[in-house]
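The values are calculated or read from the model by the stated rules, or taken from the named source; none is laboratory data. None of the values given here were measured: they were computed from a predicted structure. Here the Cβ is made from the backbone with ideal geometry for all residues, glycine too, and neighbour counts use every protein chain on show. Heads up: the accessible areas ignore ligands, DNA and RNA and are worked out on the full protein's heavy atoms, side chains in. Shrake-Rupley method; radii C 1.70, N 1.55, O 1.52, S 1.80 Å.
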Amino acid sequence: MIAAIVGAITGGGIGFLTARYSTHRTARATAAGKLRAAFVPELVAMKFDRNKEKFDADALLRVAFPRHAQAVEEYRFYIKPRDRKAYETAWREYYEVGGSVRFFDYIMGDNPYESFESRVKAILRFAE
């Protein structure tokens, strides 16, 4: 009788922990997908449209910034405590110049796409 009770409690505990882990993992994977998807349009535009006459990287990224910020904030919940500072640093280095949102540095230099891509990858590495 006692063995059956202990077995039921143990089985229930294992089932609960498994369900909790599985739910958290699924939610994290969904948030990671949203984070990656938030940056895809700009990655494509920076890679393929940047040579067009009227391409304006600063305007493109300013319009996309709220979507990027939302995805970064939604995913922040899934960042391990030991990685939170690095995540915040990667995010700030993506957009911040002198304490404000600025993207003009992406058009400076020889290959703005490489600069943009490396900063985005620094954020997305947390979603792997």
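General remarks:
- Contact annotation: no residue pair with Cβ atoms under 7 Å, 6 or more positions apart or on different chains, pairs a residue in the range 52-63 that is within 16 Å of Ser115 (Cβ to Cβ) and among the hydroxyl-bearing types (Ser, Thr, Tyr) with a partner that is part of a helix (DSSP H, G or I) and open to solvent by less than 40 Å² (accessible area, probe 1.4 Å).
- Scanning the range 33-40 finds no residues that are at pLDDT 75 or above, in contact with a Lys or Arg (Cβ under 7 Å, 6 or more places away or on another chain) and farther than 23 Å from Ala127 by Cα.
- Residue list for the range 65-94, restricted to those being more than 10 Å from the chain's Cα centre (by Cα), closer than 13 Å to Leu35 by Cα and in a helix (DSSP H, G or I): Phe65, Pro66, Arg67
- Breaking point among (1) modelled with pLDDT under 90; (2) open to solvent by 70 Å² or more (accessible area, probe 1.4 Å); (3) out of contact with any Lys or Arg (no Cβ under 9 Å at 6 or more places or on another chain), for Leu60: (2)
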